[in-house]
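Peer 1: Submitted below is the structure of interest, expressed as structure tokens.
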Amino acid sequence: MAKSTEGKPVTKTNANRRTGTSGIRSDITVIVAVVTFVVGFIIGRATETVKFTPQSRELEVQPVASDSSVSDSEWIADLKRQASDASDNADAWTRLGNAYFDIGRPEAAIEAYEKSLALDPENPDVITDMGIMYRHLGKSERAAELFREAAAIDPSHLMSRFNLGVVLLHDLGRPDDAAAAWREVVTLDPDFQSPTGQPVSEMVKALESDQ
């Protein structure tokens, strides 16, 4: 039997979310469990990191700053003003949620994402981001529900399916269901890799070989 790993959420730097071109957000969230494949497979808790990988998402709200010289409090305050001034703009609430995500305030991020989704309820990226925030709060069942919801809205949404597999495997102890989620990823993209470079197809095979 081999040992699996589970990590902690790691975000991109605040500066990365503050910069961009024409309001394009260049980071999406992906939970990654760095799995060690040796002889067999053991589901267990461990200490590797969970990382996030890029995917473009265009937003109408422009970045607050072009560099990292703005403090977190100033950054958040400016985004809150933008959201308040354009309370019917889902993108403004999304950007505020992203900022709270980056500085490690999941409850505030969820609140902002909920306001965004009230205006644009079928945004799989926002739903996926919110799922990760719930996982950060230890609410993995809710996170799994949100990842499924995002995948149902957009059948081609790879990140929600990948994240679902991570939560099912490492948080909920359901390797069969995790393998099923990752098979869907491989069906959509046979060459899909985790941000660590691990082919998801190999991760599925490792789970199957342990059954």
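Here, each number is a calculation from the coordinates, and none is a lab measurement. Quick caveat: nothing in here was measured; it's all calculated off a predicted structure. Using ideal geometry, Cβ is built from the backbone for each residue, glycine included, and neighbour counts are taken over all protein chains shown.
Peer 1: Where the only charges are on Cβ atoms (+1 Lys, Arg; -1 Asp, Glu), what is the dipole of the stretch 72-198 about its Cα centre, to the nearest 20 debye?
Peer 2: Dipole size: approximately 320 debye.
Peer 1: Of 187, 94, 196, how do they rank once you tally other Cβ atoms within 10 Å and put the fewest first?
Peer 2: Starting with the residue having the fewest Cβ neighbours, the order is 187, 196, 94.
Peer 1: Still on this model: For the modelled label position 7 Å from the Cα of residue 88 along Cα-to-Cβ, which residues of the stretch 118-143 have backbone nitrogen atoms closer than 14 Å?
Peer 2: Taking a point 7 Å out along Cα→Cβ of residue 88, the residues of the stretch 118-143 whose backbone N falls under 14 Å are 119-120.
Peer 1: Would you mind ranking 210, 129, 91 by Cβ crowding within 10 Å, fewest neighbours first? Let's see the in-between values first.
Peer 2: Details: 210 17, 129 26, 91 22.
With the fewest neighbours first, 210, 129, 91 line up as 210, 91, 129.
Peer 1: Using label points projected 7 Å from each Cα along Cα→Cβ, tell me how many nm separate residue 107 and residue 72, to one decimal.
Peer 2: 1.6 nm
Peer 1: Label residue 156 and residue 81 with points 7 Å out from Cα along Cα→Cβ: what is the distance between them in nm?
Peer 2: 3.9 nm
Peer 1: Among 93, 182, 75, which comes first, second and so on when ranked by fewest other beta-carbon atoms within 10 Å?
Peer 2: Placing the least packed residue first, the sequence is 75, 182, 93.
Peer 1: Still on this structure, please answer the following. Can you compute the charge dipole magnitude of the stretch 105-150 about its Cα centre, using +1 on each Lys and Arg Cβ and -1 on each Asp and Glu Cβ, nothing else charged? Give it in debye, rounded to the nearest 20.
Peer 2: For the stretch 105-150, the charge dipole is close to 220 debye.
Peer 1: Follow-up. Between residue 120 and residue 176, how high is the FRET efficiency from 1/(1 + (r/R0)^6) when r is the Cβ-Cβ distance and R₀ = 41 Å? Nearest 0.05.
Peer 2: After rounding to 0.05, the efficiency reads 0.75.
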